[in-house]
Amino acid sequence: MFEIVFLGTSASAPSIKRGLSSSLVMHRDQRFLIDCGEGTQRQLLCSGLGFRKLDKILLTHGHLDHILGLGGLVSTFSRWESISQLSLYGGQWALQRVNDLMNVVLRGGEADMDLQMITVRPGVIWSNSVLTITAFPVTHRGPGCFGYLFAEHSHRPFLADEAERLGVPNGPERKLLVSGQPITLADGRVINPEQVLGEQVRGTKLAFVGDAGRTDDLVEVCRDADALVIEATYTSDEADLAARFGHLTAAQGARLAAEANVGHLFLVHISRRHSEREILREAEAIFPNTTVPRDLDSYRIARSKVERVELTDGA
């Protein structure tokens, strides 16, 4: 299960109600900031989430509306916060622009920060025992644009009722069985993991795409995702403008969600020229399970289920 908080959902420039691109994806004890538009650190404070454990930032591309907030965030981290190391993931061009920005922020030793800049290429970029993040190429203006697929590992659920019937005590014995190791009970019986583990269950999948100019190359990577986040800068009556500037219409995002059998669609990067209602109306006609989130909206994403959750201070 994932939780995603939309910190900034505007396109190119902020509006009165929407800030620049940034989202926070949370999974268990891990936090991943995706893009860092201007004003991101204030949005983190307004959300009540703060800066705790915020040590990994994934950049979709190097355009300024997606990276300028890094200057203030890194300055704050280096001076006041306890985060001593920050890992920045992005394409080569995006990291070059970030490096130029950091040469200003960290110049002269006034601030100190251990920045790890990790060049992203298609494939797995981060994983632990329960989660894998895979980068995939996205077509937009400029080189090195990427989307990110968050995929929980498949697992076999522990059948507590069956374990009880077999006399498996609560405690380390059950942990060993879950890890795939047999145990021997006090009466000498050997219990194998297969006896108390159910059928393989696919984990939750979240696909995140930043700015994009086409969708035909995204269908397979987004296939069967429980949720897809993607831009909707234009409506269909401006399809020519969308194509010229390497962006998508709401209808294009909706058709991608339908073709890829996505569970739920989130449309972001909303232009000031369009209302939320316009974007939603166009997309819902093609893909009904669509949401146009507002800044600081938070959603919990599980297999085949998406629900809105309220943020609380200190979340």
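No lab work stands behind these numbers, since they all come straight from the coordinates. Since the structure is predicted, the reported quantities are computational estimates derived from the model, not experimental observations. We place every Cβ from the backbone using ideal geometry, glycine too, and count neighbours over all the protein chains shown.
Some notes on this structure:
- Rounded to 5, percent antiparallel among DSSP beta bridges of segment 85-137: 40
- Packing, taken as the mean count of other beta carbons within 10 Å per residue, orders the peptides 40-50, 125-135 from highest to lowest as 40-50, 125-135.
- Between M1 and E162, the modelled labels are 2.3 nm apart [label points 7 Å from Cα along Cα→Cβ].
- Helix-only [θ]222 nm of the chain, DSSP H runs n ≥ 4, -39500 (n - 2.57) each, per residue, nearest 500: -7000 deg cm²/dmol
- Charge dipole (the chain, unit charges on Cβ, about Cα centre) - positive-most of W93, T132, V229: W93
- Summarising the label geometry, the points placed 7 Å from Cα in the beta-carbon direction at R272 and I16 lie 1.1 nm from one another.
- Extreme residue, positive dipole direction of segment 185-315, given options A212, Q200, S298 (C-beta unit charges): Q200
- Its Cα centre serving as origin, the chain has a Cβ charge dipole (Lys and Arg +1, Asp and Glu -1) of approximately 240 debye.
- Between S236 and D112, the contour length at 0.36 nm per residue exceeds the Cα-Cα span by 39.9 nm.
- Note on the chain: antiparallel DSSP beta bridges, both residues inside, total approximately 65 percent of the bridges counted.
- Residue-span extension gain [T139 to V219] - 0.36 nm each, minus C-alpha spacing: 27.5 nm
- The order of the peptides 142-148, 173-179 by mean Cβ neighbours within 10 Å, most packed first, is 142-148, 173-179.
- Lys-Lys pairs in the chain that are eight or more residues apart or on separate chains and whose Cα atoms lie under 27 Å of each other come to 7.
- Diffusion coefficient of segment 1-121 by Stokes-Einstein, Kirkwood radius over Cα pairs, 25 °C, 0.890 mPa s: 171 µm²/s.
- Which labelled figure in [x] 0.97; [y] 1.04; [z] 0.93 is Rg/Rh (Cα atoms, Kirkwood Rh), once derived from the coordinates: [y]
- For segment 29-64 versus segment 251-313, the spacing of their alpha-carbon centroids is 20 Å.
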